[in-house]
1. Within segment 24-35, identify whether any single residue is part of a strand (DSSP E or B) and either modelled with pLDDT of 85 or more or not assigned by TED's automatic domain parsing to the domain that holds V126 (or both), and answer yes or no.
2. List every residue pair whose Cβ atoms sit under 8 Å apart, with the two residues 6 or more apart in sequence or on different chains, where the first one lies in segment 47-74 and is in a loop (DSSP other than H, G, I, E, B) and the second, anywhere, is at pLDDT 85 or above and charged (D, E, K, R).
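The values are calculated or read from the model by the stated rules, or taken from the named source; none is laboratory data. All values reported here derive from a predicted model rather than from experimental measurement. Glycine also receives a Cβ, built like all others from the backbone with ideal geometry; neighbour counts cover every protein chain displayed.
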Amino acid sequence: MRSLFSVTLLLLLALTLAVEANKRAKHHKGAKSDKSRPASECTAAETQYGKCVPDHGDCGDGLREATCKDRTDKIHCRIPCNWKKDISDCKYKFGAWSSCDAGTNTKSRSGTLKRALFNADCQSTVKVSKPCSHKPKKTRGHKKKNGL
């Protein structure tokens with residue numbers, strides 16, 4: 001009876017260790033997801049990437065084509081919402097926003113290219129603009145004045 005209990009306990013311990021090892025392997029931070037990488041054996045320099053096309057609307061999860069030699073794969077991608085579609089594969093370092101132009105009610109800023117993703121053709125500098133805010137920003141340390 002003791003030997004049966006010992007074997008059962010040993011098997012339970014082995015099963016627990018196997019499950020924990022599997023969990024650690026799945027959630028390892030250094031591991032890359034298979035869905036973002038094409039299944040071919042081509043390097044990133046040899047692969048030509050298409051534009052990311054969102055599944056619904058202008059942003060969110062989508063697919064892009066990755067072509068190398070005679071093989072074309074669809075890989076998962078994501079376009080951040082509230083971002084410019086024409087520069088989505090390019091990363092820029094932007095300066096501060098300009099003051100509000102009263103004539104057009106917009107403010108703008110320019111950015112210089114930091115890096116191009118997926119071998120994208122990127123402009124070396126870009127200029128983006130947005131409507132001016134109607135509310136003035138509160139600065140830290142200022143409290144709302146109550147009529148008391």
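1. Within segment 24-35, not a single residue is part of a strand (DSSP E or B) and either modelled with pLDDT of 85 or more or not assigned by TED's automatic domain parsing to the domain that holds V126 (or both).
2. G50/R64; G50/E65; K51/R64; C52/R64; D55/D61
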